[in-house]
Amino acid sequence: MRPVALLFATLLVAPLLAWADPVHSEDEALRIAVRAIRDHRLTTLRDECGTLAVIERRSVFDVVVRERHVAGCGGDPETKPRLFTLRVRKHDGAISSDAGDGVHFRSLRVNGPVGAASAASLPSR
């Protein structure tokens, strides 16, 4: 490849790589998941009516989103139906979800800095 073409290709790809930050902890995965839930309006439940549980796997964090049946939320308090799962890749923070059919994961885009989201308002585990 010619040096000019290589430089041009590098300049095109570099901004994309800057967004590919590794995810090192369950807390980071939760922040990404909460941001995606809000950005993509994946549920209409109020924060207090949902729970998040993180399952760490070899290359991803799975964030399981369930209904929470407490006073003011309705439903049988003995059940916690799964709504969907968000999958956060560890090596680059890419996120996908099986919301819609509960089986097939599709890619989601998280806009803006992930740190701007707060997982504190959604109960976990």
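GLU48 falls short on exactly one of the conditions (1) over 23 Å from ARG109 (Cβ atoms); (2) out of contact with any strand residue (DSSP E or B) (no Cβ under 7 Å at 6 or more places or on another chain); (3) exposed (fewer than 13 other Cβ atoms within 10 Å of the Cβ), and that condition is (3).
Restricting the first member to region 54-71 and to residues that are touching a residue at least 12 places away in the same chain (Cβ under 8 Å) and closer than 15 Å to ILE32 by Cβ, and the second to residues that are among the hydrophobic types (A, V, I, L, M, F, W, C) and in a loop (DSSP other than H, G, I, E, B), the beta-carbon pairs closer than 8 Å and six or more apart or on different chains are PHE61/VAL23; VAL65/LEU42.
Of all residues in region 50-77, those being touching a Cys at 6+ places or on another chain (Cβ under 7 Å) and assigned to a strand (DSSP E or B) number 1.
The single condition among (1) under 14 Å from LEU42 (Cα atoms); (2) among the hydrophobic types (A, V, I, L, M, F, W, C); (3) modelled with pLDDT of 95 or more that VAL110 does not meet is (3). Scanning region 32-75 for residues that are over 19 Å from ASP21 (Cβ atoms) and of a type in the set (Gly, Ala, Ser) returns GLY50, ALA53, ALA71, GLY72, GLY74, GLY75. Check region 86-99 and report whether any residue there is over 17 Å from ARG31 (Cβ atoms), modelled with pLDDT of 90 or more and either exposed (fewer than 10 other Cβ atoms within 10 Å of the Cβ) or hydroxyl-bearing (Ser, Thr, Tyr) (or both). No, there is no match, as no residue in region 86-99 is over 17 Å from ARG31 (Cβ atoms), modelled with pLDDT of 90 or more and either exposed (fewer than 10 other Cβ atoms within 10 Å of the Cβ) or hydroxyl-bearing (Ser, Thr, Tyr) (or both).
The values are calculated or read from the model by the stated rules, or taken from the named source; none is laboratory data. In this text the structure is predicted, and so the values were computed from the model without any measurement. Cβ sites come from the backbone with ideal geometry, for glycine too, and all protein chains shown count toward neighbours.
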